[in-house]
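The block underneath contains the structure these notes are about, expressed in structure tokens.
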Amino acid sequence: MKNLADRLLQLMQQRILVLDGAMGTMIQKYGLREEDFRGSRFSSWPRPLKGNNDLLSITQPQIIESIHRQYLEAGADIIETNTFNANSISMADYGMEELVEEMNLAAARLAVEIAAEFTRKNPDKPRFVAGAIGPTNKTASLSPNVNDPGYRAVSFDELEAAYYTQASALVQGGVHILLVETVFDTLNAKAALAAINRLFESLPGPLPVMVSATITDASGRTLSGQTIEAFYISVSHFPLLSIGINCALGAAEMKPYLHALAQFAPCAISAYPNAGLPNAFGAYDQSPEEMAAQVRKFLEDGDVNIIGGCCGTTPEHIRELAALAAQFPPRPIPVLQSA
């Protein structure tokens, strides 16, 4: 497993790696109805299931497979599993806590099989799968009740246990990387890293781990109040393959925070911004060409080792980014750190 981290680091010294784009954006294009999410197996499930994208790895695997293929054909080196909310805390909304392990296993095996197929076709461009671990829908640092600032909807131990189950299933499914992403609360991320560390103790060796925070507004801070520098320091105890920023902002808005992070982090840097900022209807209007023009500044300044897309991005966006990334050298990694 250490060899995998070394291999990824070696590749990132040679070129900028390309991460895929938005899973949710692509799923929305299918216009799925309640019965599509349910499939035959969950036709009598007592709660509404529309919007449970992670369930589609079980009920509509051909859709998830098609999305993965489109991103790989567009030039992605790394695809993410369809598991952003596949944890027991988020799945409680659907009463599907007991299905978390199955969801992660199904999603991981699906992505790994397709990535392996593309690698066999072109061994000079190996493809990798990152097990997507989202932030859950609860925060350990902030109270959801303005009248009770000391209240917490979830504890650190509950988060750690949920993340352990998810990470364990992803590893069992064969993922190459674990990606703790869209971190808005550093305490949640630390629970995820604690779970991953506990999991690694039971394995022959660790997998590479990527962490990606989200800056929520123009203040340059996460929702739990940290600057990107403070966030890095808070998770720097863990040996990371990469650290970066995703979601919330478009490339232009993300640029100063990414540049700051790239100046001091002794590991690889990842960036996968949204396709601009959402419009009044919550949709993303930035074209692939417009996004690539903004991302170009990341590459000209030598700030990234991994580039991809978040909300609103499609295979067309990733194709533009892949073509752009091929024109620039990767950011030199100050200290080579095996995950």
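Below, the figures for the structure above:
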item	result
The stretch 158-232 - Debye-derived log10 I(q)/I(0), Cα point model, q = 0.23, 0.27 Å⁻¹	-0.99, -1.21
Pair-distance profile P(r), taking every C-alpha pair of the stretch 98-160, with 5 angstrom steps and integer %	3, 15, 14, 14, 12, 10, 10, 8, 6, 4, 2, 1
Rounded to the nearest 20 debye, dipole of the stretch 93-205 from Cβ charges on Lys, Arg, Asp, Glu	520
Charge context of Gly308, other residues only, Cβ under 13 angstrom, K/R +1, D/E -1	-4
Most fluctuating residue given options Gly302, Gly173, Gly282, as computed from a GNM of the chain linking Cα atoms under 10 Å	Gly282
Residues Ile306, Ile318, sorted so that the one with the fewest Cβ neighbours within 10 Å comes first	Ile306, Ile318
Rounded D (µm²/s) - the chain, Kirkwood Rh over Cα pairs, Stokes-Einstein at 4 °C, 1.567 mPa s	65
Signed unit charges on C-beta, dipole axis of the chain, positive-most listed residue Pro239, Tyr163, Gln28	Pro239
Residues Glu80, Glu101, Glu160, sorted so that the one with the fewest Cβ neighbours within 10 Å comes first	Glu101, Glu160, Glu80
Longest to shortest principal axis, alpha-carbon extents of the stretch 1-114, angstrom	51, 29, 20
The stretch 233-309 and the stretch 158-204: distance between their alpha carbon centers, rounded to Å	23
Rg/Rg_ref, the stretch 290-339, where Rg_ref = 2.2 N^0.38 Å and atoms are Cα	1.23
Count of lysine pairs in the stretch 2-325 with Cα separation under 20 Å (8 or more residues apart, or interchain)	4
For the chain, with +1 on Lys and Arg beta carbons and -1 on Asp and Glu, the positive-most of Gly75, Thr139, Asn122 along the dipole	Asn122
Options Leu277, Met12, Ala195, ranked by Cα towards positive dipole end of the stretch 2-325, top entry (Cβ charges)	Met12
Debye, to nearest 20: dipole size of the chain, +1 on Lys, Arg Cβ, -1 on Asp, Glu Cβ	460
The chain - mean residue ellipticity at 222 nm from DSSP helices (-39,500 (n - 2.57) per run, n ≥ 4, rounded to 500)	-13000 deg cm²/dmol
Of every Cα-Cα pair in the stretch 132-288, the percent that sits beyond 23 Å	40
Share antiparallel - DSSP beta bridges, the chain, percent rounded to 5	5
Cα Rg, Dmax, the stretch 198-339, angstrom units	15.4, 50
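Bear in mind that the values in this text are calculations on the coordinates, not laboratory data. Bear in mind that the values here come from a model prediction, so they are computed numbers and not experimental data. A quick note on method: Cβ atoms are made from the backbone with ideal geometry, for glycine too, and the neighbour counts reach across all protein chains shown.
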